[in-house]
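**Q** Structure below; questions to follow.
The values are calculated or read from the model by the stated rules, or taken from the named source; none is laboratory data. Bear in mind the structure is a predicted one, so any value in this text is a computation, not a measurement. Don't worry about glycine lacking a Cβ; one is built from the backbone with ideal geometry, like all the others, and counts go over all protein chains shown. Side chains are part of the model used for accessible areas, which takes the heavy atoms of the whole protein and leaves out ligands, DNA and RNA. Shrake-Rupley method; radii C 1.70, N 1.55, O 1.52, S 1.80 Å.
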Amino acid sequence: MSDEQNLFGRQLPLTRGPANSSSRPAIVLNGQRRQCQRCHQWLLPTDQLPNQAWYCRQCLQLGRLTSQDKLYTIPEPNRFDPVGVPILTWPGKLSPMQGTAATAILNLTRRKRDQLLWAVTGAGKTEIVYPALAWALAQNWRVAWVSPRVDVCLELAPRLQAAFHHVPQTLRHGKQTTPYRYCQLTLCTTHQLLRFHAAFDWIIVDEVDAFPLATSPLLQTAIMTAQKPTGSHLYLTATPGEQMQRQVHQKKLAVTYLPLRYHGVLLPQIAVCLIWRWRERLAKGKLAAKLVRQLQAYQQRGQRFLLFVPHVVDLKPIAQALQQAGVTGGMTVHAGDNDRAAKVQAMRDHTIPFLITTTILERGVTFPDIAVVVLGGDDPVFSTAALVQIAGRVGRHQNFPTGEVTVYCHSQSRRIRLAQGMISQLNRQGKRLGGRYK
């Protein structure tokens, strides 16, 4: 790849750029405050190095940027080789409801409208976007498919590669070791968008309500900065936040609804089991008897499962307690786990029977024929949206459209009740479209 291509639609700190590149200071004084030009966040008065240079701590994970640096860029030229045909190589077929949603998204994309696909977990959001994506690629648009979660990107990458086999693609995330490639289709985490400037004609934001994107002005700004002034974006989620719902209500954001999964079976409802002082029991190396019996029964009949727990510090003692109870063969996983991708892949490959996980796997992963158990579901870490997403891990495959979702807690918190209510509301809407309980 040439030095020019490396800068197409990107903003990088370099000692010197190619002759046709432009540069600007990495940090500028805007009024009385200093602002980073990569992430557009404000510096604090304490963000100064011993040599008196200013630096940005907000985007430090992408490499330190100081007031002595310059950001180089070359405007995005959309200089791509012709895409091989057919562009869309996905052999599947959309259901009638999926097809209706796909047509609506395609029409809005053609009009360059900012839009939201509000679809129930397991509706097939990825496949619904395929026709619009194929059209965009045929127009020589540069497209980014982004998510705040690395796990989502890792699961999407092989699916998009298979569905658009002739389209050059690049995958970018914080732990990536392969060099960057200039491609028409970029799949990356939202953090990686900070390296781009007015690059993309269309940005697809998967799981837009997920942490940390939902609460991060930096990442929300990254999407707008990476998008061309003439570009547009598509948000994908099953649980949009209140602010996004207000944008829909105010008609600032076009919306396409799909309240039913592609196989027509309604969402599994959350069952609640009340247990007392489970942490005190865990401190003694034991778990609630009801929970142990349920997981033992799963293992005896070969039912694979995910066990969600509130915090990373809970993983090891819970794994040890299950081991003592004879529930064996599983692994623990969390956001900072260096082997996270390998463990998730082992679960996909059926080489392990269960994972004990934090909320890192609440969305973006699909395992056929899975049951879900949440321990400590009344902990604040389990928001209403998180509980709905966790429940949505169950019944996603057409051959296994049902399954159990059990939440163990001290009390049935308001968040749990709201999650049950949201699932019931979605199922009522799904019934009107012909949805059923199997």
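**Q** Does segment 327-372 hold any residues that are of a type outside the set (A, V, I, L, M), in contact (Cβ under 8 Å) with a residue 40 or more places away in the chain, surrounded by fewer than 23 Cβ atoms within 10 Å (Cβ to Cβ) and part of a loop (DSSP other than H, G, I, E, B), and which are they?
**A** H350, P353, T358, G364, T366, F367, D369
**Q** Across segment 170-224, which residue is modelled with the highest pLDDT among those that are open to solvent by less than 10 Å² (accessible area, probe 1.4 Å) and small (G, A, S)?
**A** The extreme case among them is A199.
**Q** Next question, about the same structure. Scanning for something closer than 24 Å to G435 by Cβ, open to solvent by 30 Å² or more (accessible area, probe 1.4 Å) and modelled with pLDDT of 95 or more, does segment 272-292 turn up at least one residue? Before you say what the answer is, go through the steps one by one.
**A** Of the residues in segment 272-292, the ones closer than 24 Å to G435 by Cβ are 272.
With open to solvent by 30 Å² or more (accessible area, probe 1.4 Å) added as a condition, the list becomes 272.
Still in the running and modelled with pLDDT of 95 or more: 272.
Yes, because at least one residue in segment 272-292 is closer than 24 Å to G435 by Cβ, open to solvent by 30 Å² or more (accessible area, probe 1.4 Å) and modelled with pLDDT of 95 or more.
**Q** Here's another thing I want to ask about it. List, please: which pairs have Cβ atoms under 6 Å, are six or more places apart or on different chains, and start with a residue in segment 88-109 that is within 25 Å of P168 (Cα to Cα) and touching a residue at least 60 places away in the same chain (Cβ under 8 Å) and end with one that is among the hydroxyl-bearing types (S, T, Y) and surrounded by 19 or more Cβ atoms within 10 Å (Cβ to Cβ)?
**A** Matching pairs, first to second residue: L88/Y130; W90/Y130; I105/T256.
**Q** Does R261 satisfy being touching a helix residue (DSSP H, G or I) at 6+ places or on another chain (Cβ under 9 Å), open to solvent by less than 30 Å² (accessible area, probe 1.4 Å), basic (K, R) and at pLDDT below 95? Talk me through it step by step, then tell me what you get.
**A** On the way: touching a helix residue (DSSP H, G or I) at 6+ places or on another chain (Cβ under 9 Å): yes; open to solvent by less than 30 Å² (accessible area, probe 1.4 Å): yes; basic (K, R): yes; at pLDDT below 95: yes.
Yes; evaluated as a whole, the condition is true for this residue.
**Q** Go through segment 255-280 and count every residue that is over 21 Å from the mean Cα position of the chain (by Cα) and not basic (K, R). It would help to see each step written out before you state the result.
**A** Going residue by residue through segment 255-280, those that are over 21 Å from the mean Cα position of the chain (by Cα) are 263-266, 268-280.
After this cut, where a residue has to be not basic (K, R) as well, the list is 263-266, 268-276, 278, 280.
Of the residues in segment 255-280, 15 are over 21 Å from the mean Cα position of the chain (by Cα) and not basic (K, R).
**Q** Separate question: When the residues of segment 13-37 are filtered to those that are part of a strand (DSSP E or B) and of a type in the set (A, V, I, L, M), which remaining residue is most open to solvent (accessible area, probe 1.4 Å)? Working first, answer last.
**A** Within segment 13-37, the first condition is being part of a strand (DSSP E or B), and the residues that meet it are 13, 22-25, 27-30, 33-36.
Next, from what is left, pick out any that are of a type in the set (A, V, I, L, M): 27-29.
Numbers: I27: 15, V28: 42, L29: 111 Å².
Restricting to residues being part of a strand (DSSP E or B) and of a type in the set (A, V, I, L, M), the top hit is L29.
**Q** Still on this structure, please answer the following. Has segment 63-86 got any residue that is surrounded by fewer than 19 Cβ atoms within 10 Å (Cβ to Cβ) and in contact with an Asp or Glu (Cβ under 7 Å, 6 or more places away or on another chain)?
**A** no
**Q** Scanning segment 373-411 for residues that are closer than 21 Å to N427 by Cα and polar (S, T, N, Q), which turns out surrounded by the fewest Cβ atoms within 10 Å (Cβ to Cβ)?
**A** Here the answer is N399.
**Q** Select from segment 51-107 the residues that are in a loop (DSSP other than H, G, I, E, B) and of a type in the set (D, E, K, R) and list them in ascending order. First the steps, then the outcome.
**A** Step one: list which residues in segment 51-107 are in a loop (DSSP other than H, G, I, E, B), which gives 51-53, 56-59, 63-65, 67-69, 75-95.
Within segment 51-107, R57, R64, D69, E76, R79, D81, K93 meet the criteria.
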